[in-house]
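Undergrad: Below are the structure tokens for one structure; questions will follow.
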Amino acid sequence: MDNSINQNIIENPELEKNFDEIILDIRQDDRSHKEEGKKKKILNLLHLFTALNDWVIDKSPVKLQEKLLFFQLLGSILQAGVPVPEALKMLENQTKNQRLQRVIKDIRLLIEDGENLANAMRRNSDLFDEATCSIIEAGEKSGKLNEVLRELVKQYEQLDTVQKKVKSVMMYPIIVIVMMILLSTVVIIFVVPKLIDLFGSAENLPLPTRILIGANQLVTSKAYLLIGGAGILGTLFYMWKKSKLGSRQFGTMLLYIPVINGILKGMILSKITRIFGFLISSGVPIVEGLRITANIAGNPIYEEKLFLASDDLSKGISIAENLADNEKLFPSMLVSMIAIGEKTASMETIMQKIADFYQEELNRRIETLSKLMEPFILSIIACGAVFMILAIYLPILKMNDKIMG
């Protein structure tokens, strides 16, 4: 059959030409299919990369300083008479943080569709809390948005300064303790086996050495149990802390831990009095201001008490009367000042004075704690070093005594 095909091709040159064209078309089709397949793969990879990049941007954090800079620049631009959408467009082009840039664009588009600035920001509640949105809404209603924005930046900068001081004090002992744990792990894994080879079994060895040997056996032979147990405990703790009951229990526990409770209460009282006073001065009703302040308190015990105070206030019970029954949460001095503010209708002024007082007191507590922290950490380091030295050198001294004896 192949011979007859070849014979027909030889006798008909045109048939040979057509046959070659058919083969060429088939090859071109194969190449085009392969190229299309490559293009589809490249497009799929590009789509995957774009989706991954969008997810990373959406999950990336926006620092408080970046938000404060945004508010500060927005207030300055609005003061120059620039409309809000145009001001947001200018900030959108200048912002380096891609997450914040997308949020600003979303707010601008919502405003162009008819929303006000506060409601547009509420659509991005993961970035702007209700207190901020309510303050801005009050500024829009009063026609003093640029002034409110400047004051908002000032208030949040004061809160941020306090939080940074607390973090800086707590970071030092955390770093030292982590480094001690890492160094102890290195000693247990790499040094203790040499001691085991040198002295043999743990019998008749000093107690510190036996503790190190036991720790080595635990880490080397049951590391999976330690890692698994730590993971399970961490997951259970996270789930418990996220639950309503666990969150309340954890918040209560923090308020009764020595040293920490004083700083924590100072931070909470400084924050809620400052924000509550600012909300009232911005034109937010007192009942609504209490509810907003409860949401930003940061502790479920204070949240419950402030929500209860807002409900009772709508029923005619004063704030001071409601807060007076729990002096551990709200000191008598604070309650007395609130009562004076309610009687004289000067609540916003009283709140700002109370906030300044608690901030100064908190600064003193932080300075005292920072002074006490250094000798405390040095004592921990000294105890750890003495333990390691005794664990390593006591058996050597014991062996020398036997040899000399």
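The values are calculated or read from the model by the stated rules, or taken from the named source; none is laboratory data. None of these values were measured; they are calculated from a predicted model. Note that we place each Cβ from the backbone using ideal geometry, even for glycine, and neighbour counts take in every protein chain shown.
Undergrad: So which residues in segment 81-100 are among the polar types (S, T, N, Q) and surrounded by fewer than 17 Cβ atoms within 10 Å (Cβ to Cβ)?
TA: Selection gives N93, Q94, Q98.
Undergrad: Considering only residues that are without any contact (Cβ under 8 Å) to a residue 60 or more places away in the chain and of a type in the set (D, E), which ones fall in segment 90-136?
TA: E92, D106, E112, D113, E115, D126
Undergrad: Since L205 meets every condition but one in (1) in contact with a Phe, Trp or Tyr (Cβ under 7 Å, 6 or more places away or on another chain); (2) closer than 30 Å to L369 by Cα; (3) not charged (D, E, K, R), which condition does it not meet?
TA: It is condition (2) that L205 fails.
Undergrad: Taking V103, is it buried (at least 20 other Cβ atoms within 10 Å of the Cβ), under 26 Å from I292 (Cα atoms) and out of contact with any Asp or Glu (no Cβ under 6 Å at 6 or more places or on another chain)? First the steps, then the outcome.
TA: Numbers: buried (at least 20 other Cβ atoms within 10 Å of the Cβ): yes; under 26 Å from I292 (Cα atoms): yes; out of contact with any Asp or Glu (no Cβ under 6 Å at 6 or more places or on another chain): yes.
So V103 passes the test.
Undergrad: Anything in segment 134-173 that is within 13 Å of Q65 (Cα to Cα) and β-branched (V, I, T)? List them, or say none.
TA: Hits for segment 134-173 are V153, T161.
Undergrad: Hey, another quick one. Can you name the condition, by its number, that G283 falls short on among (1) closer than 23 Å to Y302 by Cβ; (2) of a type outside the set (A, V, I, L, M, F, W, C); (3) in contact with a Ser or Thr (Cβ under 9 Å, 6 or more places away or on another chain)?
TA: (1)
Undergrad: Looking at segment 308-352 only, could you name the residues that are out of contact with any helix residue (DSSP H, G or I) (no Cβ under 6 Å at 6 or more places or on another chain), exposed (fewer than 15 other Cβ atoms within 10 Å of the Cβ) and either outside the structural domain of G251 (by TED's automatic domain parsing) or part of a helix (DSSP H, G or I) (or both)?
TA: Result: D311, S332, M333, S336, I340, K343, T344, T349.
Undergrad: Hey, another quick one. Given (1) farther than 30 Å from E367 by Cβ; (2) surrounded by 18 or more Cβ atoms within 10 Å (Cβ to Cβ); (3) aliphatic (A, V, I, L, M), where does L109 come up short, assuming only one miss?
TA: Only one criterion in (1) farther than 30 Å from E367 by Cβ; (2) surrounded by 18 or more Cβ atoms within 10 Å (Cβ to Cβ); (3) aliphatic (A, V, I, L, M) is unmet by L109, namely (2).
Undergrad: Go through (1) within 24 Å of the chain's Cα centre (by Cα); (2) closer than 27 Å to I366 by Cα for M239 and report which single condition fails.
TA: That leaves (2) as the condition not met.
Undergrad: So D126 ticks every box in (1) closer than 30 Å to I275 by Cα; (2) surrounded by fewer than 19 Cβ atoms within 10 Å (Cβ to Cβ); (3) at pLDDT below 80 but one. Which box is left unticked?
TA: Among (1) closer than 30 Å to I275 by Cα; (2) surrounded by fewer than 19 Cβ atoms within 10 Å (Cβ to Cβ); (3) at pLDDT below 80, the lone unmet condition for D126 is (3).
Undergrad: Let me ask another. Of these, K38, K89, K96, K105, which one is over 26 Å from the mean Cα position of the chain (by Cα), at pLDDT 80 or above and of a type in the set (K, R)?
TA: Values: K38 fails: at pLDDT 80 or above; K96 fails: over 26 Å from the mean Cα position of the chain (by Cα); K105 fails: over 26 Å from the mean Cα position of the chain (by Cα).
None of the other options fit; the residue is K89.
Undergrad: Could you say which residue among I177, I104 is farther than 25 Å from A297 by Cα and in contact with a Ser or Thr (Cβ under 7 Å, 6 or more places away or on another chain)?
TA: Every option except I104 fails the conditions.
Undergrad: For G266, which of the numbered conditions (1) farther than 16 Å from A355 by Cα; (2) in contact with a Phe, Trp or Tyr (Cβ under 6 Å, 6 or more places away or on another chain) fails to hold?
TA: Just one mismatch for G266, condition (1).
Undergrad: If you take the residues of segment 151-164 that are surrounded by fewer than 18 Cβ atoms within 10 Å (Cβ to Cβ) and under 16 Å from E367 (Cβ atoms), which of them is modelled with the lowest pLDDT?
TA: Q163
Undergrad: Any chance segment 69-78 includes a residue that's under 28 Å from E303 (Cβ atoms) and either of a type in the set (S, T, N, Q) or not assigned by TED's automatic domain parsing to the domain that holds F276 (or both)?
TA: Looking for residues that are under 28 Å from E303 (Cβ atoms) and either of a type in the set (S, T, N, Q) or not assigned by TED's automatic domain parsing to the domain that holds F276 (or both), one finds at least one in segment 69-78, hence yes.
Undergrad: On to the next question. Considering segment 235-260 alone, what residues qualify as being touching a helix residue (DSSP H, G or I) at 6+ places or on another chain (Cβ under 7 Å) and within 25 Å of A320 (Cβ to Cβ)?
TA: R248, G251, T252, L255
Undergrad: Condition first: at pLDDT 85 or above, farther than 14 Å from V103 by Cα and more than 20 Å from the chain's Cα centre (by Cα). Now tell me which residues in segment 53-73 satisfy that.
TA: Q72, L73
Undergrad: For segment 179-287, give me every one of the helices (runs of 4 or more DSSP H) that falls completely inside it and has 3 or more residues that are surrounded by 11 or more Cβ atoms within 10 Å (Cβ to Cβ), touching a residue at least 60 places away in the same chain (Cβ under 8 Å) and not acidic (D, E). Step through it out loud before you land on a result.
TA: Values: elements: 192-199, 207-221, 223-242, 244-254, 260-281.
Passing ranges, in order: 207-221, 260-281.
Undergrad: Assess whether I366 counts as being surrounded by 19 or more Cβ atoms within 10 Å (Cβ to Cβ) and under 17 Å from A309 (Cβ atoms).
TA: Against the criterion (surrounded by 19 or more Cβ atoms within 10 Å (Cβ to Cβ) and under 17 Å from A309 (Cβ atoms)), I366 does not qualify.
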